[in-house]
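This report concerns only the one structure given below.
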Amino acid sequence: MRAQTAADTRAGAPDVELLAPAGDPDAGYAALHHGADAVYLGLARFSARAKAANFALEALSELAAWAHALSPRRRVFAAVNTILRQHELAPLIESLAALVDRGIDAVIVQDLGVARIVRTRFPRLELHGSTQLAVHNLAGAEALGALGFTRVTLARELTLEEIRAIAAAAPVEIEVFVHGALCYSWSGLCLYSALLRNRSGNRGECTYPCRERFTAGGEERGALPFSMKDLALPARVQALKSAGVACLKIEGRMKSALYVAAATSLYRAALDGGRGAGGLEEAAADVRTVFSRPWTSLYLDGRGARDVTDRATVGHRGDPIGTAEEPRRTGRGGAWLCFTTAAAIERHDGIQIDLPGREKPYGFPVKALRVLGARGAGRMAFEAPAGARVAVALPRDAPPIPAGAPVYQASSQRTKRSYAFQRPRPGEYKVRLAADVSVRVAPDGLRGEAAAFPPAVERDPAAERDPAAERDPAAERDPAAKKVCARLSAPRPLAPARKAAGLAAAARAVFEKLGATEFKLGRFEWENPDGLFVPVSALNAFRRDLMAELGARVRAARADRVEAITREVCRVFAPPAVPAAPAWIFKTDRLAHCEAFESEDWEAASELIIDIGAEPLEALRAWLDGPVAARLRGRIRLALPAIARAWEEADLRGAIAVLRRDGWTRWEAANIGGLRLLESAAGGEALECTADWPLYTVNRMAAAELFAMGMRRVTLAPEDSLANMRSLLAELRDRAAVLAYHDAPLFISETCARASLRGDCPGAGRCDFTEMALVSESGERVRALNRRCRSVTIGEAPFSIAHRARELAAWGAAMLRADFVWRAYAPEEARARWRALRAGARLPGTREGNAK
């Protein structure tokens, strides 16, 4: 039975939450108006959609207050889903405090350091795992549950049966994407933009290389092998609901409010039912007219799906409404596009047509429209109903339109009129802090106290019961972590009132007028034992002064709390001792590399890491039982793959169990669920484990979280900047390994690059695809590799900073790693490069990759 989650205990929670994107305030209000149970948005920093308009704090406060005031109450989540560098931790604390102040319900997180800060310092915020964490099995969901997460967004690549199995046993809520743009690579594992263009997708700066044209083998035109269709699952909503999914998520923080309204309305209808197949298709057509590539269900119905990329055309298409006939020419050199329209059409709509040889559809507005009769004659019209044969005037510079070309409605005036939404007046809604006020009236004047519990400075008692939460020193020594009080006296002589009745109600009415402040009135106590008269003007002045003092104290308490947290988070680790020269680690996925090594090569290797996913288990065991392994017994580490799907996991668990029985106790994990998978497969026995780069250690708090999980060492991210790496190495030293040489995958994908490029798949049994050289339209040379029908793309040139070994050592690097993984190195070549790297050579044909 599924474990109880936050959704089970949240009052009024829907059975399945519909979560919509809000790239700007209009999109947020549109989503809530058209049926979203929650919206997710980003701030100006730390959002994986950095190019979206995103939210200023005042707009965030208004949207949150509006959402919480609706009935039933709606929720607002903030995406803090980038990986953060060292210098960004301090501004992160300020941003998280601002989110708490404004009543945000949850944060969506990729960086484990951010998760640690939220869990231990801002426990009011729910933690939701981003799809960037690439969680694709139960072990990953369990690992996040142990870290205090209440929800995880599963990877988009999963099948319905995989989702069902995870949801049935996960200790957290399961969220899945149901609509929107797809990345070619597993989210969080894409390094193309970062390593080849110095713009990291994991930091919200992706340049979308997957939408570019690539050529292979000297072809002139090529195709778009990495350009995915749009995910669209309205017909699978009920199946996902039955599978135990807690939340359906729509992608689109870069999209317009109209798109968000239409998409939200579509999935609201799909969830609630009642509109029938026809009504659902009409809603789907509306979405397609706003923005849509061709739609796909990806691998939800099975991993054998093939037609998932849009290999010939890029960008928005629209709703398919007809097929072009032979254009009708006019005597004045003009032409009309004729077709039978499947949807109502009117002037000022947009039309797009797929044309052979063009990467983008040809589009134009409907400026003149004819409804054609049976004999071809027609009349000018403003609109035409579905089923009508129509002629649309083509622009004079239109390219030739072949008969049979698909015609799309790329913009619809009717759709634009159909999705109005309500938005509150500016300043009408605002998240306010409850202030308890007590006023005592005496003959010599007024005395009052106002008290509040600012959420950003209050220690949530629930955190004390969280076994994963570390003790927070700031809450212990800082009085700002408790109630914030302001006291005020206003001396003035007061005389008895002629009519004492109604004085308390009048006073309360005065103190409810807090519109210009950040407060709302909580409890109100009025003590006037002598029935004294207080002029309203005096009460107004007293209220203003008392609340101004409380506001100043709350801001000071908040600032003190933020400063205290910042001191703790930004406290530099006490660095351990570092050897005079860095040690070297050799990692491989081919045992043949090891056979070419000689004594001097092994003497220089402090550790050998072997990827266990590349070699047959029996061959690996035989090698591990051989003389080389015997010599290196205390220096061998076995590495798990970053991805282990349901059909791979049983074999992987079996391999772990067998290898553990053979005495191998040193391991490396490359996914959030890796350590849990190891412990489970090894019968709960503790193993010594290190963290590979896909766990993204780019700040000290991420390292601290991984160490707390039991990792003995971390591997710094290959996309990190050298400046940030220097900062980390000064603290982590021998607890961090630096990738000095590697072929880090630019893409890891379930979608075959060759099949996408060629437009066909011969099937696994007849496939001869092993490796393919490609060139992007930007001139980048890459290689697509086939690994058991999983495509891995690497650069034509390996990445190397080994020539910086002395510089890295001066920064504190104690462990340098050379990865001979993915690329098919000949054993002798691997040996020669290993020797050259250790000598500090700049290998020809390599590039640095790391951002400056």
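The values are calculated or read from the model by the stated rules, or taken from the named source; none is laboratory data. In this text the structure is predicted, and so the values were computed from the model without any measurement. No Cβ is skipped: glycine too gets one built from the backbone with ideal geometry, and neighbour counts run over all protein chains shown. Each accessible area value is taken on the protein alone, full model and side chains, heavy atoms only, with ligands, DNA and RNA left out. Shrake-Rupley method; radii C 1.70, N 1.55, O 1.52, S 1.80 Å.
Annotations
- Any pair with Cβ under 7 angstrom, 6 or more apart, that starts in the range 260-282 at a residue that is without any contact (Cβ under 8 Å) to a residue 12 or more places away in the chain and ends at one that is open to solvent by less than 50 Å² (accessible area, probe 1.4 Å) and in a helix (DSSP H, G or I): ARG275/ALA269; GLY279/ALA269
- Unmet requirement for LEU608, which otherwise passes all of (1) of a type outside the set (Phe, Trp, Tyr); (2) closer than 30 Å to ALA730 by Cβ; (3) assigned to a helix (DSSP H, G or I); (4) open to solvent by less than 60 Å² (accessible area, probe 1.4 Å): (3)
- SER800 surrounded by fewer than 18 Cβ atoms within 10 Å (Cβ to Cβ), touching a residue at least 12 places away in the same chain (Cβ under 8 Å) and small (Gly, Ala, Ser): no
- Just so you know, in the range 428-472 the residues that are in a helix (DSSP H, G or I) and modelled with pLDDT under 70 include one that is nearest to SER537 (Cα to Cα), and it is VAL457.
- Total residues in the range 697-727, condition open to solvent by 30 Å² or more (accessible area, probe 1.4 Å), assigned to a helix (DSSP H, G or I) and more than 29 Å from LEU196 (Cβ to Cβ): 3
- Residues that are of a type in the set (A, V, I, L, M, F, W, C) and at pLDDT below 95 within the range 339-366 comprise just one, LEU355.
- Among residues of the range 357-378 that are acidic (Asp, Glu), those with a beta-carbon under 9 Å from a residue that is open to solvent by 40 Å² or more (accessible area, probe 1.4 Å) at least six positions away or on a different chain give the pairs GLU359/ALA312.
- A single member of PRO641, PRO694 is of a type outside the set (Lys, Arg) and assigned to a loop (DSSP other than H, G, I, E, B), and it is PRO641.
- Restricted to the range 594-605, and to residues there that are of a type in the set (D, E, K, R) and outside any loop (DSSP other than H, G, I, E, B), the residue that is surrounded by the most Cβ atoms within 10 Å (Cβ to Cβ) is ASP601.
- First in the range 83-109 and of a type in the set (Ser, Thr, Tyr), second anywhere and assigned to a strand (DSSP E or B) and buried (at least 24 other Cβ atoms within 10 Å of the Cβ), Cβ under 8 Å, 6 or more apart: SER95/VAL80
- Failed item in (1) modelled with pLDDT of 95 or more; (2) among the hydrophobic types (A, V, I, L, M, F, W, C); (3) open to solvent by 30 Å² or more (accessible area, probe 1.4 Å); (4) under 22 Å from MET254 (Cβ atoms), with LEU70 passing the rest: (4)
- Selection within the range 304-343 - among the β-branched types (Val, Ile, Thr) and either at positive phi or open to solvent by less than 60 Å² (accessible area, probe 1.4 Å) (or both): VAL308, THR309, THR313, VAL314, ILE321, THR330, THR341
- Summed over the range 256-295, residues that are part of a loop (DSSP other than H, G, I, E, B) and under 14 Å from HIS316 (Cβ atoms) total 5.
- Test: residue in the range 234-251 that is modelled with pLDDT under 95, part of a loop (DSSP other than H, G, I, E, B) and aliphatic (A, V, I, L, M): no
- Among the residues making up the range 611-639, those that are under 40 Å from the mean Cα position of the chain (by Cα) and either of a type in the set (Ser, Thr, Tyr) or surrounded by fewer than 13 Cβ atoms within 10 Å (Cβ to Cβ) (or both) are PRO616, GLU618, ALA619, GLY634.
- Considering residues of the range 344-358 that are within 11 Å of VAL392 (Cβ to Cβ) and in a loop (DSSP other than H, G, I, E, B) only, the residue least open to solvent (accessible area, probe 1.4 Å): ASP349
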